[in-house]
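All remarks here apply to the structure that follows.
The values are calculated or read from the model by the stated rules, or taken from the named source; none is laboratory data. Remember, it's a predicted structure, so these values are computed and weren't measured experimentally. Cβ placement follows ideal geometry from the backbone for every residue including glycine, while neighbour counts extend to all protein chains displayed.
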Amino acid sequence: MAAPEPLFSRLMQDPRIQIPFILLLVGFIVYALYLKLTDQDPMERAERELWERLAAEFGGRSKLGAWGTLPRLWVPLLDGKGEGLLAYQETPSYGAAGAHRSENASVDTLFTVELIDAPYRVRVHESGLLDSLTALAGAQDIIIGDGGFDGRFVVKSTKPDWAKGYLSDAEVRRLVMEVYALDRGGRFLLEFDEDGMHLRVGGRVDGYPHIRAFALSCSALFEAAVKARPA
């Protein structure tokens, strides 16, 4: 005996239900397009206002999110001689077979800035997190000498003397801890490589006080690195 036809399919064959359903669906699509075109979506409007406020305070160039893109802000550094990029970035997740699953993507908050003439690499991440994936060719594990810091983070560097000197500064360690406290996805990373300095925390740092604090702490960490840069 054939399986009974699903109730929804039977109902949709009734014009008294089919026509109102189609009209409702079309109305929903039109309303969604209206919100996008007029920028009336409350969450998007609040995020836009937050980043506009950041741009006004820091005097930076901004590229605000539109049509699903994520906002970016270039923050002036070193008395206007450089720029740091503050941004949300989508981090895709992958299925069991490695297939990209964008619908499950998460968002990280990043701060990155070019650092010229940095032929060394430094990586700081939470202890026990991705240790097997963070090998650096020629890098050494570093102990700073602060029990709380050393117990929480793994530090690796191809220039251990510089990395230890930089992180031995109590103010630098305080700033690292401030940024780390904003991590909500277990993805904290501070890294120096041939392209510059990169800071990442998991999750979307939102709320004006939090993202402002993130930008200020990252800027201060970069400026401390420039002062400590080897000759």
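Considering segment 164-182, the residues that are under 16 Å from I143 (Cα atoms) and touching a residue at least 60 places away in the same chain (Cβ under 8 Å) include one that is surrounded by the fewest Cβ atoms within 10 Å (Cβ to Cβ), namely G165.
Strands (runs of 3 or more DSSP E) fully within segment 56-102 that include at least 1 residues being at pLDDT below 80: 61-63, 82-94. The residue pairs whose first member lies in segment 79-99 and is assigned by TED's automatic domain parsing to the domain that holds R61 and farther than 23 Å from L50 by Cα, whose second member is modelled with pLDDT under 85 and loosely packed, with under 10 Cβ neighbours inside 10 Å, and whose beta carbons are closer than 6 Å, counting only pairs six or more residues apart or on different chains, are P92/S102. Of all residues in segment 183-231, which are part of a helix (DSSP H, G or I), touching a residue at least 60 places away in the same chain (Cβ under 8 Å) and not small (G, A, S)? Residues satisfying the conditions are Y208, I211, R212, F214, C218, F222, E223, V226.
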